[in-house]
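Colleague: Supplied in structure tokens, the structure appears directly below.
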Amino acid sequence: MHAAVLEMIYNQRNEIKENWSEKMTLVRNDVFKEKVPKTLFQDTNEEFAALIFNSFDAELEDGRAFLRSFAEKLIRMGWPLSYFTKGMQTFRRVVLESISSGSEIPSKKMYETFYEIEEWVDEMVNQLVDEYSGSWETTLHQQRLALKELSAPLIPVFDNISVMPLIGTIDTERAKLIMENLLDGIIEHRSQVVLIDITGVPVVDTMVAHHIIQASEAVRLVGAECILVGIRPEIAQTIVNLGIDLGKFPTKSSLRKGIETGMELTKRQIINV
Amino acid sequence: MRIPILKLQQYLLISVQVDLDDQTALQFQEDLLNKIHQEGSAGVVIDLTSVEMIDSFIAKVLGDVVEMSNLMGARVVMTGIQPAVAITLIDMGIILDDVPTALDLEQGLEKLQQELEE
């Protein structure tokens, strides 16, 4: 950056910082609704200001590393991105104000100076946004993985009998996963009967029914039998009202009845000892 | 290329070890029907464990074989259809609903036995 500008900012750093801190209290009201303790907010502001001023002196790579660790700390504390962006915007405003009020820079160079400061602030904001969105993406990715693992488990309950409990809405992607897990699980556990439990599926519309029918047909092709269990009264009503034909494979109202049927199909029974 | 058809007592066993092409499938259809006629078999197990791909034509031929064999008085069970194959068939809308299936050869033979007893 221009040496004169740097020097000016450096000379007026206390003043700038004071102005900035003052304006940041507005940000506190705005972003945090005063939920953050005042001392914590002030401490963080101190650190933020130190970081901004340091970024003048430090080498480019060092500055980035400082900024990253600061961002990571705030992400852990759960502070919103708007604290950063507003902070930087306020800082820019304060600097520009003090530059335009001071007469050290000839008006011809004013535009150039503004441009340089803009660029510098934008650079920092960009990096912060990158840090934040990176952390969001990681979280999102982890959650998606967890959801995928939870979305279609096949549980072998007896020899040759497995249960797949489904909870939550079923979309096309999940239906595909369900089918794959179902078929692979059947081969792995050598199941002859699989029970698909839809107790936890809130709505069964034509699409969900279609997916379930497809899955059960695929199950039949690999050589097992599919029983649909956990059909609640309202689900039964919707299915009939929508005119969906589930007649091709057995359906039962509860998992218990389904397991009994599964036992019958594999020629076994539960007896009291 | 011909697919070997083995005789085991009153049953015929076929293990398809290659991905079927159209010609092979039709040849197989003819061979199997001749064999059923010749041996007077009561049941047939077609094992598809090593088949990784079935297209719509092969699926139709297999469906036809089952129907034809039933006409000649032999029950057919298909075994070992791979998950990927099953998904492809379902996606193509081929349901093969008249074809009895089983997980593997062992369960296939059991199923045949049951069906013949009925």
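Colleague: Quickly work out the B:Glu115-to-B:Val18 label distance, labels modelled 7 Å from Cα along the C-beta direction, and quote it in nm with one decimal.
Modeller: Label-label distance for B:Val18 and B:Glu115, simple model: 2.7 nm.
Colleague: Mean-square fluctuation check for chain B, GNM, Cα pairs under 10 Å: which of B:Met78, B:Met68, B:Met92 is largest?
Modeller: Between B:Met78, B:Met68, B:Met92, it is B:Met92 that shows the largest mean-square fluctuation.
Colleague: Rounded to the nearest 10 Å², what accessible area does A:Thr85 show when all protein chains are kept and the probe is 1.4 Å?
Modeller: 30 Å²
Colleague: Taking 30 Å² as the minimum loss, tell me which residues in segment A:172-203 lose that much accessible area going from the chain by itself to the full protein complex (1.4 Å probe).
Modeller: The answer is A:Met179, A:Leu183, A:Ile187, A:Arg190, A:Gln192.
Colleague: Give me the percent of Cα-Cα pairs in chain A that sit more than 28 Å apart, rounded to a whole number.
Modeller: 57 percent
Colleague: Here's another thing I want to ask about it. Got a sec? Which residues of segment B:77-100 lose 30 Å² or more of accessible surface with every protein chain in place, vs. that chain alone, 1.4 Å probe?
Modeller: B:Ile81, B:Pro83, B:Ala86, B:Ile87, B:Ile90, B:Ile95, B:Asp97
Colleague: Bins of 10 Å, beginning at zero and ending with the bin holding the largest distance: percent of Cα pairs per bin for segment A:142-273, please.
Modeller: It works out to 12, 45, 33, 9, 1, in whole percents.
Colleague: Another question, if that's okay. Could you work out how far helix A:206-222 tilts from the main Cα principal axis of chain A, as a 0 to 90 degree angle to the nearest 10?
Modeller: Between helix and principal axis, roughly 60 degrees.
Colleague: List for segment A:207-236: residues with 30 Å² or greater reduction in accessible area, all protein chains versus chain alone, probe 1.4 Å?
Modeller: A:Gln214, A:Glu217, A:Arg220, A:Leu221, A:Val222, A:Gly223
Colleague: Still on this structure, I have one more. Dipole size in debye (nearest 20) for chain A around its Cα centre, Lys and Arg Cβ +1, Asp and Glu Cβ -1?
Modeller: Details: 29 positive and 40 negative charges, 292 e Å.
The dipole of chain A has a size of about 1400 debye.
Colleague: Please enumerate, by chain and number, the lysines with C-alpha under 20 Å from the C-alpha of B:Lys35, excluding those fewer than 8 residues away in the same chain.
Modeller: B:Lys7
Colleague: Could you work out [θ]222 nm for chain A from helices alone, using -39500 (n - 2.57) per DSSP H run of at least four and dividing by all its residues? Round to the nearest 500 deg cm²/dmol.
Modeller: On the way: 10 runs with 183 residues, N = 273.
My calculation for chain A gives -23000 deg cm²/dmol from helical runs alone.
Colleague: In chain A, what percentage of the DSSP-assigned beta bridges are antiparallel, given to the nearest 5?
Modeller: 20 percent
Colleague: Please work out the ratio of the alpha-carbon Rg of chain B to 2.2 N^0.38 Å and round it to two decimals. Display every interim value, and only then the final one.
Modeller: Details: Rg = 13.1 Å, N = 118, 2.2 N^0.38 = 13.5 Å.
With N residues counted in chain B, Rg over 2.2 N^0.38 Å equals 0.97.
Colleague: Just for segment B:6-117, what percent of DSSP beta bridges are antiparallel, to the closest 5?
Modeller: Antiparallel bridges make up about 20 percent of those DSSP assigns within segment B:6-117.
Colleague: Assuming R0 = 41 Å, what is the FRET efficiency of A:Asn11 and A:Asn126, from their Cβ-Cβ distance, to the nearest 0.05? Write down the numbers at each step before the final one.
Modeller: On the way: r = 28 Å, r/R0 = 0.67.
The computed FRET efficiency comes out at 0.90.
Colleague: Report, to the nearest whole %, how much of the accessible area of the protein assembly as shown belongs to carbon and sulfur atoms, 1.4 Å probe, protein only. Working shown, then result.
Modeller: Details: 11240 of 21550 Å².
For the protein assembly as shown, the apolar C and S fraction of the accessible surface comes to 52 percent.
Colleague: Roughly what would the spin-label model give for A:Ser101 and B:Asn70, points 7 Å off Cα along C-beta, in nm?
Modeller: Between A:Ser101 and B:Asn70, the simple spin-label model gives 9.3 nm.
Colleague: Something else about it: Treating each Cα of segment A:3-146 as an identical point scatterer and ignoring solvent, apply the Debye formula and state log10 I(q)/I(0) at q = 0.09, 0.12, 0.17, 0.22 Å⁻¹.
Modeller: Log10 of I(q)/I(0), two decimals: -0.31, -0.53, -0.99, -1.48.
Colleague: What does the buried accessible surface come to for B and A, summed over both chains, with the probe at 1.4 Å? Round to 100 Å². All intermediate terms of the calculation are to be shown ahead of the outcome.
Modeller: Numbers: alone 6710 and 16510 Å², together 21550 Å².
So the total buried area for this chain pair works out to about 1700 Å².
Colleague: Could you state the accessible area per residue of the protein assembly as shown in Å², with a 1.4 Å probe and every protein chain left in place?
Modeller: Accessible area per residue: 55 Å².
Colleague: Using R₀ = 30 Å, calculate the FRET efficiency as 1/(1 + (r/R₀)^6) where r is the Cβ-Cβ separation of A:Glu137 and A:Phe53; round to 0.05.
Modeller: It comes out at approximately 0.45.
Colleague: Once both axes come from the Cα atoms, what is the angle between helix A:13-27 and the longest principal axis of chain A, in degrees from 0 to 90, rounded to 10?
Modeller: With both axes taken from Cα atoms, the answer is about 40 degrees.
Colleague: If you don't mind, another one. Mind checking the angle between helix B:22-39 and chain B's longest principal axis? C-alpha axes, 0 to 90 degrees, to the nearest 10.
Modeller: Roughly 10 degrees, rounded to the nearest 10.
Colleague: Let me ask something else about it. Looking at segment A:155-265, what % of its DSSP beta bridges pair antiparallel, to the nearest 5? Don't jump to the answer; show the numbers that get you there.
Modeller: Working: 3 of 15 bridges.
Of the beta bridges lying entirely in segment A:155-265, close to 20 percent run antiparallel.
Colleague: Still on this structure, I have one more. Whole-Hz ³J(HN,Hα) for each residue in segment B:97-106, computed from phi via Karplus 6.51 cos²θ - 1.76 cosθ + 1.60 with θ = phi - 60°, x for glycine and proline: what do you get?
Modeller: 6, 8, 9, x, 10, 8, 5, 8, 4, 4
Colleague: Mind checking the full-extension length gain between A:Ala146 and A:Thr169? Use 0.36 nm per residue of separation minus the Cα-Cα distance, one decimal, nm.
Modeller: Length difference between fully extended and current span is 6.7 nm.
Colleague: Further question on the same structure: Students often forget the sequence filter, so: which lysines lie under 30 Å Cα-Cα from A:Lys73 once same-chain residues fewer than 8 apart are removed?
Modeller: A:Lys17, A:Lys23, A:Lys33, A:Lys35, A:Lys38, A:Lys86, A:Lys148
The values are calculated or read from the model by the stated rules, or taken from the named source; none is laboratory data. If you're wondering where the values come from, they're calculated on a predicted model, not measured in any experiment. Here Cβ is always computed from backbone atoms with ideal geometry, including for glycine, and neighbour counts include all displayed protein chains. Keep in mind that these areas ignore ligands, DNA and RNA; they rest on the heavy atoms of the full protein, side chains included. Shrake-Rupley method; radii C 1.70, N 1.55, O 1.52, S 1.80 Å.
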